[in-house]
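One structure is given below, encoded as structure tokens.
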Amino acid sequence: MKKRLTEAQFLEAIKGLEIGKQTREIAWGVLVEGKKQAGYVTALGVTKGAVWQAVERVWGAHITKAIPDGFERVTAVLPEHQAFIVKKWAEDAKKKQEPKA
């Protein structure tokens, strides 16, 4: 899954985050504009880890803020038949979050 955000999602994710100009620039380029992380390593003379950390900081904030009230993100390792049921529950929960037409 390629990590991408809209401009609005990005701006919402960074609200309240204390991040520097360079971190914001890197995260914006990768998440909103779809630029490759490697380009920032070369252009800014920073490590791959630094670029990854900048992107993950904003992505993590987005994921945390994207969970609606009354919902919770879970991670589990389950037998195949139980995983199937949980995936169905996830699909149902996603449908409940979608705006009514």
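The values are calculated or read from the model by the stated rules, or taken from the named source; none is laboratory data. The shown structure was predicted, so the numbers you read here are calculated from the model rather than taken from an experiment. Glycine gets a Cβ as well: all are built from the backbone with ideal geometry, and neighbour counts include every protein chain shown. Ligands, DNA and RNA are excluded from the accessible area calculation, which covers all protein heavy atoms including side chains. Shrake-Rupley method; radii C 1.70, N 1.55, O 1.52, S 1.80 Å.
Contact map, the stretch 3-20: first residue over 17 Å from Val51 (Cα atoms) and open to solvent by less than 40 Å² (accessible area, probe 1.4 Å), second residue aliphatic (A, V, I, L, M) and part of a loop (DSSP other than H, G, I, E, B), Cβ cut-off under 7 Å, separation 6 or more or different chains; pairs are Ala13/Leu5. Condition check for Ala83 on (1) touching a residue at least 24 places away in the same chain (Cβ under 8 Å); (2) over 26 Å from Leu11 (Cβ atoms): one failure, at (1). Within the stretch 6-61, work out how many residues are part of a loop (DSSP other than H, G, I, E, B), farther than 27 Å from Arg73 by Cα and hydrophobic (A, V, I, L, M, F, W, C). Total meeting the criteria: 1. Restricting attention to the stretch 76-98 and to residues that are of a type in the set (A, V, I, L, M, F, W, C) and within 20 Å of Ala66 (Cβ to Cβ), the residue that is least open to solvent (accessible area, probe 1.4 Å) turns out to be Ala93.
For the stretch 48-57, filtered to residues that are closer than 20 Å to Lys2 by Cβ and of a type in the set (A, V, I, L, M), the residue that is surrounded by the fewest Cβ atoms within 10 Å (Cβ to Cβ) is Val55.
Across the stretch 65-75, the number of residues qualifying as within 23 Å of Gln9 (Cα to Cα) and either open to solvent by 100 Å² or more (accessible area, probe 1.4 Å) or aromatic (Phe, Trp, Tyr) (or both) comes to 5.
Of all residue pairs spaced 6 or more apart or on separate chains, those with beta-carbon atoms under 6 Å, a first member in the stretch 32-47 that is within 24 Å of Gln9 (Cβ to Cβ) and at pLDDT 95 or above and a second member that is aromatic (Phe, Trp, Tyr) and open to solvent by less than 60 Å² (accessible area, probe 1.4 Å) are Val32/Phe10. Among the conditions (1) at pLDDT 95 or above; (2) surrounded by 10 or more Cβ atoms within 10 Å (Cβ to Cβ); (3) not aromatic (Phe, Trp, Tyr), Gly60 misses just one, which is (1). Only a single criterion out of (1) over 19 Å from Arg4 (Cα atoms); (2) touching a Gly at 6+ places or on another chain (Cβ under 7 Å) is not satisfied by Val74, namely (2).
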